[in-house]
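*Asks:* Quick one: the structure is below, and I'll ask about it shortly.
The values are calculated or read from the model by the stated rules, or taken from the named source; none is laboratory data. Predicted model only: the values in this text are computed from it and were never measured. Don't worry about glycine lacking a Cβ; one is built from the backbone with ideal geometry, like all the others, and counts go over all protein chains shown.
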Amino acid sequence: MSVRWLWGLVLALLLGGPAIASAQVDRATLNGTVRDTSNAVIPEATITVTNTATGVVTTLQTNQQANYLAVDLVPGEYVVEVEAPGFAKNAQVVVLQTGQRGRLDFVLSVEGVEEEVTVAGSRPLLDTESPVLGTVVGQTEVSNLPLAIRNWDDLLALVPGVQGDRYTEESGGTSTGRTGGVSVHGNRSLQNNFLLDGVDNNSISTNVQELSTQVSRPSIDAINEFKVVTSPYAAEYGRAPGAAIIVTTKSGTNRFRGTAYDYFRNDRFDANTFFSEREGQEKPRNDQNQFGGNLGGPILRNRAFFFGDYEGSRITKGVLRLTRVATPEERQGIFSSTIRDPMTGQPFPNNRIPPNRIDPVATNILDLVPLPNTTTDQTNNFLRQPNVEDESDRYLGRVDVRLGAADNIFARYIYTDRFRFVPGFIGGVVDGTSTSAWGRQDMKSHGMVAGWTKVLGTALVNEARFSWSRAISDGVQDPFGQDAMDQIGFRGVPHDPLVAGGIVGVDISGHSRLGSPNFMPKFQHTDQFELLNTLSWLKGRHQWKLGVDIMAPMRNEYMDIPATRGNVSFNGQFTGEALADFMLGYVRAAQLANVHVVDQRLWATSFFVQDDWRLRDNLTVTLGLRYDFITPAYEANNRMTNFDPDTAELVFASDGSLEDRSLATPDTNNFAPRVGAVYRWNNRTIVRAGYGIFYNMFDRIGSEDQLALNPPGLLNIDIQAPDGDIPVFLLADGFPGDFLDPSNVDLQRLLLRTADHDGRRAMVHQFGGGVERQLGDAFVLSVDVTGSIGRNLAVLRNLNQPLPSAAGVLDARGTVPYPELGHIQWRDPSGTSSYRGIDLAFEKRFTEGYSYRVAYTVSESTDQAPEHLAASSGRPQNSRDLDSWEGPSDFDVRHRLVGAFVAELPFGPGKPWATSGASSALLGGWLVSGIYTAHSGRPFTVTQGTNNVGAGTTGLPNRVRDGNDAHDVNDWFDVTAFEAVPSGTFGNAGRNILRGPGWLTFDLSLQRRIAITNGLAASLRWDVFNLFNRANVGNPVSNIDSSTVGTIQTLAGDPRIMQFAVRLEF
């Protein structure tokens, strides 16, 4: 089936009549029943639903069972009026939220009895119509809570079942430099589905280079509402098994409304960081301005509206860089411990390398590395606090038009332009950066959507939407364009101005990396189009939805290649000390690749049918079936290569079928049944339960599984020295001159990125049930038990890991299975996962001037398939025994507690006290809000860097006792509980067996609103993040071969930071 054929089918459906399509989950629906006072149904009653902000009216009639259904309602307040011949008119006011299936029943009295009633606008406390488990964060919290980075990541943390820390520039955080990365109910951080104004807002880069899983991120001031569906049991939710995160942008109304603001931060108001304070350093710099404004209003009253928004950010923020560099003595070859001479096998006399044996390239590199500048830390001796720079501008425009009683259209466009620079541990041409998330990066994005809603009858409504998104991300290393290869005398790396800059990458165990990231420069340029359409049909007690969602074409032109400037590593194999190996120039492993650009293509389609069946007045059953399909990735010019383990031969892409081009069997079996039920026990209690199968349509694990990054287009040569005293080469010699010569390719030296020919998609079974209880008029308590079982998760393993030396021996010291080949990086869809948890939530809705919510999650998540772009535990030690890698998930947090509140102080007009006079002027208009977050620690794996069990694997030591210690930053675990094993031996320590530090923080906001005129007001605001200045630190160094093992060297969050703001609103 071609993309052209798919588009033809959809256009035919659209032009030919009502189409089946994908649900618009960003809008609300309202249904109910109209009866008389004797409980008899009233068919053909007229229902009028009026948006109080825009005056837009929706008119419909009840069917023969007296049911009605209003769809495509923008979240907000509505007046719902009911009229029927012979009965008195009745009206109610209701507030609808994003994605809500609201219910509003009416009882009409006979005509002549004055029973017209209008109640105060309120949203129902209980969702009696849907088994879907989710949380809506409304405008009260969006506008008033202290949000550390002023985007919806801060709001995600309020939801039970969500695991993730807030954004930080500190290198020990789980969200360092990246937004949107949360794990929900045991699903991976890249398995969430972000929807913006009802359309797909997920990036499709191979490595999340955009630093976000979303293409567009509008300002928090442009958001109307925000909803997180944590257990999406309805068939209308697809693409990924994680949460559906639904954001709606604001629309204009019949009144002109606008806002202008500036949020300001400066380090003079901040606390110092934990490590800077300990090292006697000054506070890191922090200069931040976030400014902008928006305007919305009518183009034509009650018919057409506009909304526009702009926001700019200018950030300069110091970050801690604490690492280890060579001491003056070590630079002379003098060491404090025994070092072995690999030429004789005997120790060097006096632990000193003779000057004539010191490699000249090593000397030249160390001449560029600064000397130690601190002695306070017992293990690290170099500290600096360079500045992160982050500048962005984003623009949004939206128009909503009601063409007539049966037609509504809207269009929205977002453009973002961002530059970001993250410095390394050392700076200059040496850089000292290991992650490609650092460096200099330019990012631009476009997001456009247009929608049309057509009322086809009193019980039939069609909704169509078209979207286009583009993300452009270009990253280069800090010293890009400053080639220092000649300066250090390193040879063998071809000079290419597209990638040149800095020195060869150097990894020395226990020391700072020297050089720039392997995967820099890089770029990802993506384009994707989407067409979706919804048919909603009310038939008796059934609310039907039928849908199709087509995403085509999807294109990603990218360069994501390691070691285009070369990389060498040293781990102490030859002397017993990694730095001594470097001083001798004995290279243990080396990698080099040519420049190569990939033109990747995809397309996807989904279909579903869903029936919300009101089986009884107090019981609604949701039944659905969804089908999802996405092509395996293929390359525009068929430049792809895979490996067939049965024949031990390479397989090359060719013209022909999708399988011929992608070298994978398309997965066409992704049928996903869904079932759920919600039972109204009484007017204050509901019971809900659900089950569903979900598929992850777009798996991404970086460049590691990209079949286009193989010969003949890419030569990624990756070689390691065997056990013994013979290095790959000497630093002074550099790479051989023919290392990348295509005519002289040695397959044993190549890194091959391969995948199982079976293109199965990750599948997750999700299930759960719970009870929700209304207490009083404003309180809701809920308890939900949730679980999931994952299958076919992607695992990266070395298919050419050495075999055991003998039958039954647990090691990797034998021959390799494919002696003609080198490292075969294999994506295997055989991983499994398991999650079980309990979500508890208590909420007081905003009434009487205050609201609060508390969410507590206790859970356990296990797997043997780490998420590769967010994993801390590494790849399996034994590639042939994945069960031995079973352990807590990298994101497993057993306990998480979050509380938030918003409270207007009880002073001023309309409040209990100080209602007039000077006291009212002084004390009125104040508001206080806050967020408290605490969770237990994340797991980590104790490793042994000198245990070489094969390329792309994680060598472990033996565990001889528990290993838990006093949990101090200088001694987090008992390192003596782990013993080194001979290289090539499988250690028994296990994966993720210890836990790191927990997290605790409290954020506070104090605001005052001052009325200037009847239509103009100013708000002054003071936010304090991490009010009590708790040091939230990262996980400890866990490599037992490192001189810093057991110590904590990074922060996972910021110190106390203050923010001041002024806002003008009219």
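*Asks:* With at negative phi, without any contact (Cβ under 8 Å) to a residue 60 or more places away in the chain and in a loop (DSSP other than H, G, I, E, B) as the only criterion, which of GLY238, GLY242 stands out?
*Replies:* Values: GLY238 fails: without any contact (Cβ under 8 Å) to a residue 60 or more places away in the chain.
Going through GLY238, GLY242 in turn, the sole match is GLY242.
*Asks:* Right, here's the next one. Considering only residues that are crowded, with 23+ Cβ neighbours inside 10 Å, in contact (Cβ under 8 Å) with a residue 60 or more places away in the chain and within 26 Å of PHE986 (Cβ to Cβ), which ones fall in the range 840-866?
*Replies:* Correct list: SER861, ASP863, ALA865.
*Asks:* Restricting the search to the range 326-339, which residues are surrounded by fewer than 19 Cβ atoms within 10 Å (Cβ to Cβ) and either closer than 23 Å to ASN567 by Cβ or in contact with a strand residue (DSSP E or B) (Cβ under 7 Å, 6 or more places away or on another chain) (or both)?
*Replies:* Here is the first cut: in the range 326-339, the ones surrounded by fewer than 19 Cβ atoms within 10 Å (Cβ to Cβ) are 327-329, 331-332, 334, 336-338.
Within the range 326-339, ARG331, ILE334, THR338 qualify.
*Asks:* Can I ask one more? Would you say SER703 is among the hydroxyl-bearing types (Ser, Thr, Tyr), surrounded by 18 or more Cβ atoms within 10 Å (Cβ to Cβ) and in contact with a Leu (Cβ under 6 Å, 6 or more places away or on another chain)?
*Replies:* Working: among the hydroxyl-bearing types (Ser, Thr, Tyr): yes; surrounded by 18 or more Cβ atoms within 10 Å (Cβ to Cβ): yes; in contact with a Leu (Cβ under 6 Å, 6 or more places away or on another chain): yes.
Yes.
*Asks:* What are the residue pairs meeting all of these: first residue in the range 323-335, first residue farther than 19 Å from PHE348 by Cα, second residue part of a helix (DSSP H, G or I), Cβ atoms under 9 Å, and 6 or more apart or on different chains?
*Replies:* VAL325/LEU366
*Asks:* Could you tell me which of the residues ARG150, ARG166, ARG103 is surrounded by fewer than 22 Cβ atoms within 10 Å (Cβ to Cβ), more than 30 Å from VAL687 (Cα to Cα) and modelled with pLDDT of 80 or more?
*Replies:* On inspection, the qualifying residue turns out to be ARG150.
*Asks:* Hey, another quick one. Please give the strands (runs of 3 or more DSSP E) falling wholly within the range 625-743 in which 1 or more residues are touching a residue at least 24 places away in the same chain (Cβ under 8 Å) and among the charged types (D, E, K, R). Break it down stepwise before answering.
*Replies:* Numbers: elements: 641-644, 649-652, 671-682, 685-696, 716-720.
It comes to 641-644, 671-682, 685-696, 716-720.
*Asks:* Can you report the number of residues in the range 214-246 which are among the charged types (D, E, K, R) and over 24 Å from ASN792 (Cα atoms)? Please lay out each step first, then the result.
*Replies:* Filtering the range 214-246 down to residues among the charged types (D, E, K, R) leaves 217, 221, 225, 227, 236, 239.
Of the ones still in play, those that are also over 24 Å from ASN792 (Cα atoms) are 217, 221, 225, 227.
Number satisfying all stated conditions: 4.
*Asks:* How many residues does the range 356-392 contain that are closer than 20 Å to GLY734 by Cα and of a type outside the set (A, V, I, L, M, F, W, C)?
*Replies:* The total comes to 7.
*Asks:* Then there is this: Can you spot a residue in the range 202-220 that is over 23 Å from ASP390 (Cα atoms), among the charged types (D, E, K, R) and touching a strand residue (DSSP E or B) at 6+ places or on another chain (Cβ under 6 Å)?
*Replies:* no
*Asks:* How many of the residues making up the range 850-884 are at pLDDT 90 or above, within 24 Å of the chain's Cα centre (by Cα) and under 19 Å from VAL949 (Cα atoms)?
*Replies:* 3
*Asks:* Within the range 249-260, count every residue that is closer than 20 Å to ARG150 by Cβ and outside any strand (DSSP E or B).
*Replies:* Here is the first cut: in the range 249-260, the residues closer than 20 Å to ARG150 by Cβ are 249-250, 257-260.
Next, only the ones that are outside any strand (DSSP E or B) stay: 250.
Counting residues in the range 249-260 that are closer than 20 Å to ARG150 by Cβ and outside any strand (DSSP E or B) gives 1.
*Asks:* Any idea which residue in the range 620-661 is surrounded by the fewest Cβ atoms within 10 Å (Cβ to Cβ), counting only those that are touching a strand residue (DSSP E or B) at 6+ places or on another chain (Cβ under 9 Å) and among the small types (Gly, Ala, Ser)?
*Replies:* Selected residue: ALA636.
*Asks:* Sticking with this one: Evaluate the following for GLN290: is it farther than 30 Å from ASP723 by Cα, touching a residue at least 60 places away in the same chain (Cβ under 8 Å) and touching a Lys or Arg at 6+ places or on another chain (Cβ under 8 Å)? Working first, answer last.
*Replies:* Working: farther than 30 Å from ASP723 by Cα: yes; touching a residue at least 60 places away in the same chain (Cβ under 8 Å): yes; touching a Lys or Arg at 6+ places or on another chain (Cβ under 8 Å): yes.
Criteria met by GLN290.
*Asks:* Go through (1) β-branched (Val, Ile, Thr); (2) farther than 30 Å from THR605 by Cβ; (3) within 32 Å of the chain's Cα centre (by Cα) for ILE701 and report which single condition fails.
*Replies:* (2)
*Asks:* Inside the range 261-366, counting only strands (runs of 3 or more DSSP E) that do not spill past its ends, which hold 3 or more residues that are small (Gly, Ala, Ser) and at pLDDT below 95?
*Replies:* Values: elements: 286-300, 304-318, 321-323.
No strands (runs of 3 or more DSSP E) qualify here.
*Asks:* Now, a different point. Among the numbered conditions (1) surrounded by fewer than 19 Cβ atoms within 10 Å (Cβ to Cβ); (2) touching a helix residue (DSSP H, G or I) at 6+ places or on another chain (Cβ under 9 Å); (3) modelled with pLDDT of 90 or more; (4) under 28 Å from THR179 (Cβ atoms), tell me where THR832 comes up short.
*Replies:* (4)
*Asks:* Hey, does the range 201-220 have a residue that's assigned to a helix (DSSP H, G or I), closer than 30 Å to GLY925 by Cα and in contact with a helix residue (DSSP H, G or I) (Cβ under 7 Å, 6 or more places away or on another chain)?
*Replies:* Start the filter on the range 201-220 by keeping residues that are assigned to a helix (DSSP H, G or I), which leaves 220.
From the residues that got through so far, the ones that are closer than 30 Å to GLY925 by Cα too are 220.
Checking which are in contact with a helix residue (DSSP H, G or I) (Cβ under 7 Å, 6 or more places away or on another chain) leaves us with 220.
Scanning the range 201-220 turns up at least one residue that is assigned to a helix (DSSP H, G or I), closer than 30 Å to GLY925 by Cα and in contact with a helix residue (DSSP H, G or I) (Cβ under 7 Å, 6 or more places away or on another chain).
*Asks:* Tell me, yes or no, whether the range 413-426 has at least one residue that is touching a Ser or Thr at 6+ places or on another chain (Cβ under 9 Å), surrounded by fewer than 20 Cβ atoms within 10 Å (Cβ to Cβ), at pLDDT 95 or above and hydrophobic (A, V, I, L, M, F, W, C).
*Replies:* Yes, because at least one residue in the range 413-426 is touching a Ser or Thr at 6+ places or on another chain (Cβ under 9 Å), surrounded by fewer than 20 Cβ atoms within 10 Å (Cβ to Cβ), at pLDDT 95 or above and hydrophobic (A, V, I, L, M, F, W, C).
Residues are listed down the side, and each one gets a yes or a no for (1) more than 19 Å from VAL162 (Cα to Cα); (2) crowded, with 23+ Cβ neighbours inside 10 Å:
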site	(1), (2)
GLN209	yes, yes
THR213	no, yes
ARG217	yes, yes
ASP221	yes, no
GLU225	no, yes
GLY242	no, yes
ILE246	no, yes
ARG255	yes, no
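*Asks:* For SER884, state whether it is in a loop (DSSP other than H, G, I, E, B), of a type in the set (Ser, Thr, Tyr), surrounded by fewer than 22 Cβ atoms within 10 Å (Cβ to Cβ) and out of contact with any Leu (no Cβ under 8 Å at 6 or more places or on another chain).
*Replies:* On the way: in a loop (DSSP other than H, G, I, E, B): no; of a type in the set (Ser, Thr, Tyr): yes; surrounded by fewer than 22 Cβ atoms within 10 Å (Cβ to Cβ): yes; out of contact with any Leu (no Cβ under 8 Å at 6 or more places or on another chain): yes.
So SER884 fails the test.
*Asks:* What strands (runs of 3 or more DSSP E), lying completely within the range 17-106, carry at least 1 residues that are under 28 Å from GLY624 (Cα atoms), out of contact with any helix residue (DSSP H, G or I) (no Cβ under 9 Å at 6 or more places or on another chain) and basic (Lys, Arg)? Even if it seems obvious, please write down each step before you answer.
*Replies:* Numbers: elements: 28-36, 46-51, 57-61, 67-73, 76-83, 90-96, 101-103.
In the range 17-106, the matching strands (runs of 3 or more DSSP E) lie at 101-103.
*Asks:* Next question, about the same structure. Answer yes if at least one residue in the range 558-573 is in contact with a His (Cβ under 8 Å, 6 or more places away or on another chain), in a strand (DSSP E or B), among the aliphatic types (A, V, I, L, M) and at pLDDT 90 or above, and no otherwise. Please lay out each step first, then the result.
*Replies:* If we filter the range 558-573 for residues that are in contact with a His (Cβ under 8 Å, 6 or more places away or on another chain), which is where we start, we get 558-559, 561.
Among the residues that remain, those that are also in a strand (DSSP E or B) are: 558-559.
Checking the rest, the ones that are also among the aliphatic types (A, V, I, L, M) come to 559.
Those left that are additionally at pLDDT 90 or above: 559.
Yes.
*Asks:* Could you tell me whether the range 233-250 includes any residue that is more than 30 Å from TRP544 (Cβ to Cβ) and out of contact with any Asp or Glu (no Cβ under 6 Å at 6 or more places or on another chain)?
*Replies:* From the range 233-250, those more than 30 Å from TRP544 (Cβ to Cβ) are 250; that's our starting set.
Among the residues that remain, those that are also out of contact with any Asp or Glu (no Cβ under 6 Å at 6 or more places or on another chain) are: 250.
Among the residues of the range 233-250, at least one is more than 30 Å from TRP544 (Cβ to Cβ) and out of contact with any Asp or Glu (no Cβ under 6 Å at 6 or more places or on another chain), which makes the answer yes.
*Asks:* Determine whether ALA900 is out of contact with any His (no Cβ under 7 Å at 6 or more places or on another chain), in a strand (DSSP E or B) and within 30 Å of LEU145 (Cβ to Cβ). Steps first, answer last, please.
*Replies:* Working: out of contact with any His (no Cβ under 7 Å at 6 or more places or on another chain): yes; in a strand (DSSP E or B): yes; within 30 Å of LEU145 (Cβ to Cβ): yes.
In short, yes.
*Asks:* Scan the range 1012-1026 and give yes if some residue there is touching a residue at least 24 places away in the same chain (Cβ under 8 Å), buried (at least 18 other Cβ atoms within 10 Å of the Cβ) and part of a loop (DSSP other than H, G, I, E, B), otherwise no. Explain how you work it out, then say what you get.
*Replies:* Pass one, the range 1012-1026, residues touching a residue at least 24 places away in the same chain (Cβ under 8 Å): 1015-1026.
Filter once more, keeping what is buried (at least 18 other Cβ atoms within 10 Å of the Cβ): 1019, 1021, 1023-1026.
Keeping just the survivors that are part of a loop (DSSP other than H, G, I, E, B) gives 1026.
Checked against the condition, which is being touching a residue at least 24 places away in the same chain (Cβ under 8 Å), buried (at least 18 other Cβ atoms within 10 Å of the Cβ) and part of a loop (DSSP other than H, G, I, E, B), the range 1012-1026 yields at least one hit.
*Asks:* I'd like the full set of residues that are assigned to a strand (DSSP E or B) and farther than 17 Å from GLY937 by Cα, limited to the range 965-1001. Give the derivation first.
*Replies:* Quick first cut of the range 965-1001, residues assigned to a strand (DSSP E or B) only: 965-968, 971-973, 978-979, 985, 994-995, 999-1001.
Result: PHE978, GLU979, THR985.
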